[in-house]
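Single-structure report; data block below.
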Amino acid sequence: MRKTLLLLSGLAVVILASGCANTERKFGRGMSNVIEPLRMGELRRSMEQTALFDGPDAGYATGFIKGLNRTIVRTGVGAYEMITAPIPPYDPIFTDYIAPGPVYPDSYKPSLVSDSTFATDANLGFSGGDVMPIMPGSRFRIFDTH
C-alpha cells in the first residue's frame, strides 16, 4: 500500500509539472530569484540609486539596508515560486515591490559570458563578453565594441 501511494504521488507530480511552458517559466524565474544573494543585483542597484538620489553617505548606510531587504524578499519570492511552480497562477507575484526579472545597477549591463558556447569565432578561440559576470564589480570585457 505504501509503495502504491508513493508511486501515485510521484506520478501526480509528474503529470502536474509536465508539458506546461508556464510551469517552466515560473520555476526558472524562481531559480533566478533564489540565486539573488550570489548575484547581489538588488543590493548593488539599491546602493547606487540611494547614493544618486540621497547622497553618498545614505548610499552606504541606507542603500545597503534597503538592498539587503530587497535581496531577502527576492530570495523568498523565488523559493515560493519554485515550490508552487506546478500550481496556477503562473504570473509573477509581488511585482509592486520587486521587478519580475533580475535587476542590475544602471552602471552595469550584463552581456553574454565569454565562452565557446556563445562565441561564433572558433578560429581565434575566444571572443567578446563578460569575463566573470557573477563577481560584483567585474566590468572587464574582451572586444567590447558597442
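Laboratory data are not the source of any read-out in this text; all were calculated from the coordinates shown. All figures in this text were calculated on a predicted structure; none of them were measured in a lab. Positions of Cβ are backbone-derived with ideal geometry, glycine not excepted, and every protein chain shown enters the neighbour counts.
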Aliphatic (A, V, I, L, M), closer than 27 Å to Ser9 by Cβ and touching a residue at least 12 places away in the same chain (Cβ under 8 Å): does that describe Val103?
-> no
Restricting attention to segment 62-73, the residues that are surrounded by fewer than 16 Cβ atoms within 10 Å (Cβ to Cβ) and either more than 15 Å from Arg44 (Cβ to Cβ) or under 18 Å from the mean Cα position of the chain (by Cα) (or both) number exactly 2
Among the residues of segment 33-70, write down those that are under 13 Å from Tyr104 (Cα atoms) and either of a type in the set (Ser, Thr, Tyr) or not in a helix (DSSP H, G or I) (or both).
-> Met40, Ser46
